[in-house]
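Right, one structure below, let's go through it.
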Amino acid sequence: MDKNRIIIFDTTLRDGEQTPGASLTVKEKIQIAIQLESLGVDVIEAGFPRSSRGDLEAVRAVSKQIKKPVICGLARATEADINAVSEALKFAGKPRVHVFLATSRIHRTYKLHKAKDEILRLAVESVKYARKLFDDVEFSPEDASRTELDFLSRVVEAVIKAGARTVNIPDTVGYAVPSEFGSVIRHLMNNVPNINKAVISVHCHNDLGLGVSNSLAAVQNGARQVECTINGLGERAGNASLEEVVMAMNVRRDMFKGFSTDIKTKHLYKTSRLVSRLTGIPIQPNKAIIGDNAFSHESGIHQDGVLKKRVTYEIIRPQDVGFQGTKIVLGKLSGRHAFSDRLKELGYSISDTELEKAFIGFKALADKKKHIFDEDIATIVEDGLSTIPEEYELVEFKVTSGNKITPSATVTLSRQGKTLKATAKGDGPVDACFRTIDKAIGQKGKLIDYKVSAVTAGKDALGEANIKVTFDKHHTVLGRGSSTDVIEASVRAYVNAVNRLVLRRKISEKKHN
Ligand code: KIV
Ligand code: ZN
């Protein structure tokens, strides 16, 4: 293998599953493993077979299904644990056992109650035993970053001699800082005589938010395998995130000259969403690479820059990691450039004066409303146009309602001189009118929002109805109507929404022709 090829060892299904609150069924593990295979990871650590019968079955099921990557199972340095991995990986095409034993003074003293020599002996014996069952053996001196360097070097040399092909250096509690961790790896590369007989791997936790930085420092100092997880899941604060490690090496090729991975970065977004959905652990919006905001621009200055030249404020092409594209979030900080661009995208071509008027309306709305949706923008523009063409006009409506009868309505509309009349029932008088209009026009609307408010004071106050309706699942339109009668205001609002729908469709037809 190319000496600068970085092996990506994904432990989402093992360390990632140790995320508090995350737990996966066998079926879900298989689904994730299939996606990891498409993503191009080299090794999938599928679980810890001795920890439970369920985990053993899950590792077995994954190894039966997945053929391209190496499938790995975790084991403590005991024969029983190693045997469990062997049983779980009986059908695997490329099986690996990952044996771990803590080496740091803290773990030796307080957890294992064993002296250095005893640890060394157990490490060597477990690797020798593992080699009887597996060709591919990985060894991890747990809490390596807090282990005395001379002792760590002795352990690494001894396990390589015993047959470990990969030696993983975990920063188990995320204690290291990059310069220090990089020099631990360099020390091992320079002082362990048989180091070239094994691949040096790293496994960095994120307790100080340095998991990715430590992994990258390790690569720059000789590590050639990185253990990581999708979305940075893992025990406590998690592990180094796969997407960040891979994209850092990818974007900063100048700093990682010649290094490569087999990751198909276009699959990152999809993989990340799948893992989030199945583990139930949401992705923070500002998460690097795959968070919802990773390619969203809110400030007017940034939006203007990105629209002029994407590279002004984006270091990654969104499509390269599986996003659809740059997202310009329209809000109170947006400028004319972003606003008129969105109008063009929506299919509106309006004069400069109309644009100016619409922009003022947009800014006023943005001061009151955090999220401005495309239908808000469409409504602002349509309101600014002298009139919404009245394809449908209300001629007459009648409603029958009461506490002992099912409300029903009859509505008469006219469309270009033609009369359309229908009758229907509903859950209330307003609903009956809306269903009747649907029947008359031959469309079915889904009411998303409905508000009635008084716009003038007094007994004969003018009421205004504001509604939001979705037609054919993807056309959402707003409608407004007023009258001293709230039912009439509602009917007028619905007819107004239908007329906006007609206009919206004409605009989108024009855009696609
Ligand atoms: O964090 C750690 O040390 C581990 C080992 C089992 C590699 O997860
Ligand atoms: Zn770990």
### Task
Determine which aspartates and glutamates satisfy two conditions relative to residue 344: a Cα distance under 18 Å, and not lying fewer than 8 residues away in the same chain.
304, 352, 354, 356, 374, 375, 376, 382, 383, 509
### Rel. contact order, % - alpha carbon contacts under 8 angstrom, at least six apart, the chain
9 percent
### Query
Can you list residues whose amide H is under 5 Å from residue 328's amide H, if they're 5+ apart or on another chain and H is modeled 1.01 Å from N?
297
### Summary
Answer in debye to the nearest 20: the dipole magnitude of the range 7-279 about its Cα centre, from +1 Lys/Arg and -1 Asp/Glu charges placed on Cβ, is 580 debye
#### Entry: Sites residue 403 and residue 472 - FRET efficiency at Förster radius 51 Å, r taken between beta-carbons, to 0.05
0.90
### Task
First obtain the Kirkwood hydrodynamic radius of the chain from its Cα pairs, then insert it into the Stokes-Einstein equation at 25 °C and 0.890 mPa s, and state the resulting D in µm² per second as a whole number.
90 µm²/s
## Note on the structure
The Rg/Rh figure for the range 393-512, Cα atoms and Kirkwood Rh, to two decimals is 0.99
### Query
Whole-Hz Karplus ³J(HN,Hα) for the range 350-367, in order, using 6.51 cos²θ - 1.76 cosθ + 1.60 and θ = phi - 60°, x for Gly and Pro?
10, 6, 4, 5, 5, 4, 4, 5, 5, 5, 5, x, 5, 5, 5, 5, 5, 5
### Message
Along the charge dipole of the range 393-512, pointing to its positive end and built from +1/-1 on Cβ of Lys, Arg, Asp and Glu, which listed residue (448, 397, 490) has its Cα farthest out?
### Response
448
### Message
Neighbour counts of other C-beta atoms within 10 Å: give me 199, 127 arranged from fewest to most.
### Response
199, 127
### Query
Residue by residue, what Karplus-based ³J(HN,Hα) values in Hz, rounded to whole numbers, does the range 480-492 have, using 6.51, -1.76 and 1.60 with θ = phi - 60° and x for Gly and Pro?
9, x, 9, 5, 6, 9, 5, 5, 5, 4, 5, 4, 5
### Message
Taking 0.36 nm per residue of sequence separation and subtracting the Cα-Cα distance, how much length would be gained by fully extending the chain between residue 367 and residue 299, in nm to one decimal?
### Response
23.1 nm
### Task
Treat each spin label as a single point 7 Å out from the Cα along the C-beta direction, and report the residue 189 to residue 116 distance in nm.
2.5 nm
### Helix-derived mean residue ellipticity, 222 nm - over the chain, DSSP H n ≥ 4, -39500 (n - 2.57), to 500
-12500 deg cm²/dmol
### Message
Can you return the lysines within cross-link range of residue 90? Criterion is Cα-Cα under 20 Å, with same-chain partners fewer than 8 residues away left out.
### Response
27, 29, 64, 67, 68, 128, 132
### Query
Hey, fewest Cβ within 10 Å first, where do 1, 255, 249 land in order?
1, 255, 249
### Task
Place +1 on the Cβ of every Lys and Arg and -1 on the Cβ of every Asp and Glu in the chain, take the dipole about the Cα centre, and give the residue among 139, 191, 58 whose Cα lies farthest towards its positive end.
58
### Positive-pole candidate from 305, 350, 326, dipole of the range 291-390, charges at beta carbon
305
### For residue 416, net neighbour charge (Lys/Arg +1, Asp/Glu -1) across residues whose Cβ lies under 15 Å away
0
### Message
Can you tally the net charge around residue 272? Count Lys and Arg as +1, Asp and Glu as -1, for every other residue whose Cβ sits under 9 Å from the Cβ of residue 272.
### Response
+2
### Task
Run the dipole for the range 393-512 about the Cα centre, Lys and Arg Cβ at +1, Asp and Glu Cβ at -1, nothing else charged, and hand back the magnitude in debye, nearest 20.
560 debye
### Task
Report the paramagnetic label zone for residue 446: residues of the range 472-513 whose backbone N is under 12 Å from a point 7 Å from Cα along the Cα-to-Cβ axis.
472-476
### Inverse mean reciprocal Cα-Cα distance (Kirkwood Rh) of the range 331-385, Å
10.9 Å
### Query
Spin-label point model (7 Å from Cα, Cβ direction): what's the residue 53 to residue 312 distance in nm?
6.4 nm
### Summary
Residue span residue 177 to residue 3: 0.36 nm per residue of separation minus Cα-Cα distance leaves a gain in nm of 60.1 nm
### Under Karplus coefficients 6.51, -1.76 and 1.60, residue-wise ³J(HN,Hα) of the range 414-422 in Hz, glycine/proline x
10, 10, 6, x, 9, 8, 10, 10, 8
## Note on the structure
The size of the Cβ-based charge dipole (Lys, Arg +1; Asp, Glu -1) of the chain about the Cα centre, to the nearest 20 debye, is 920 debye
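Bear in mind these aren't lab numbers, they're just calculated from the coordinates by the rules spelled out. Since the model is a prediction, treat every value here as computed from it, not as a measurement. Cβ coordinates were reconstructed from backbone atoms using ideal geometry, including for glycine residues, and neighbour counts include every protein chain displayed.
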